[in-house]
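Asker: Structure incoming, see below.
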Amino acid sequence: MTRPAFACQRCNQCCTGEGGIRLPEEGVPAAAAILGLTPDEFKTRYCRPEQGQWAIRCGEDGRCVLLGPEGCLIHAAKPAICRAWPYFPALLQDPGAFNEAKLICPGLNPEATHQEFLAQYRQTITKEEDPS
Ligand code: SF4
Ligand code: SF4
């Protein structure tokens, strides 16, 4: 296999659509600081309260309001769910869910097996744990 099981194509499809993108209160200061805002300014401009956290709003075009021309405006402090994709528990545990995700994320290689996806995930977390 020449193409990896996952290689983001930067299509921004996963930054489109309402729901599920939330920052906990403790994640707000770092995100706000990237944009030169106070936490309250950040919440007022970009968030609404939801289930004890701060949900990032979508614009009228359906895109996350933190999606800029070069990608996520708070990349270094983006919500955990945004950092985790596509290595969600459901996709790691269920080959069927992995195959369904291939239909919505062009970064997932349609020809990759679930085993290849898991192998890439293990490599990714190994690199994160030992970046040397
Ligand atoms: S916070 Fe950033 S990565 Fe997450 S959906 Fe919004 S633009 Fe995309
Ligand atoms: S949908 Fe997939 S390929 Fe597109 S930006 Fe998101 S992770 Fe990358």
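Readers should treat all values here as calculations from the given coordinates under stated rules, not as data from a laboratory. Everything quoted here is computed from the prediction, not taken from an experiment. Here Cβ is always computed from backbone atoms with ideal geometry, including for glycine, and neighbour counts include all displayed protein chains.
Asker: Order these by the 10 Å Cβ neighbour count, fewest first: Val65, Val28.
Answerer: Ranked by crowding around the Cβ, least crowded first: Val65, Val28.
Asker: Based on the Cβ-Cβ distance from Arg57 to Thr124, what FRET efficiency comes out when R0 is 30 Å, to the nearest 0.05?
Answerer: That pair, Arg57 with Thr124, gives E of 0.50.
Asker: Using modelled backbone amide H atoms (1.01 Å from N, in-plane), which distant-in-sequence or interchain residues come within less than 5 Å of Leu23's amide H?
Answerer: Trp54, Ala55, Ile56
Asker: Then there's this: Counting Lys and Arg as +1 and Asp and Glu as -1, what is the net charge of the other residues whose Cβ lies under 11 Å from the Cβ of Lys43?
Answerer: Every neighbour counted, the sum reads 0.
Asker: Mind listing the long-range amide H neighbours of Phe6? Cut-off is under 5 Å, sequence gap 5 or more, other chains count too, H placed in the peptide plane at 1.01 Å from N.
Answerer: Residues meeting the criterion, in which the H sits 1.01 Å from N, are Asn109.
Asker: What's the longest piece of the chain with no exposed GluC sites (Glu not before Pro), counting a site as exposed if DSSP puts it in a loop and it has at most 12 other beta carbons within 10 Å?
Answerer: 19-59
Asker: Here is a follow-up. Could you compute the net charge surrounding Ala112? Neighbours are other residues with a C-beta less than 9 Å from the C-beta of Ala112; K and R count +1, D and E count -1.
Answerer: 0
Asker: Calculate for the chain the 222 nm mean residue ellipticity that helices alone would give, adding -39,500 (n - 2.57) per DSSP H run of length 4 or more and normalising by residue count, nearest 500 deg cm²/dmol.
Answerer: Only helices count here, giving -10000 deg cm²/dmol.
Asker: So what are the radius of gyration and Dmax for the Cα set of the chain, in Å?
Answerer: So, for the chain, Rg and Dmax equal 16.2, 48 Å respectively.
Asker: Around Lys102, with a cut-off of 15 angstrom between Cβ atoms, what is the net charge of the other residues, counting Lys and Arg +1 and Asp and Glu -1?
Answerer: -3
Asker: Would you give the gap between the C-alpha center of segment 86-110 and the C-alpha center of segment 37-56, rounded to a whole Å?
Answerer: 30
Asker: In addition: So how far apart, in nm, are the two label points at Asp40 and Cys8 if each is 7 Å from Cα heading toward Cβ?
Answerer: So the two model labels end up 3.3 nm from each other.
Asker: Taking a cut-off of 18 Å between Cα atoms, list the aspartates and glutamates near Lys102, but don't count ones fewer than 8 places away on the same chain.
Answerer: Filter leaves Asp94, Glu111, Glu116.
Asker: Here's something else I'd like to know. Sorting Tyr87, Tyr46 on the 10 Å Cβ count, fewest up front, what's the list?
Answerer: By the 10 Å Cβ count, ascending, the order reads Tyr87, Tyr46.
Asker: Show me 72-82, 4-14 ranked by packing, highest mean number of other Cβ atoms within 10 Å first.
Answerer: Per-residue mean Cβ counts within 10 Å order the peptides as 72-82, 4-14.
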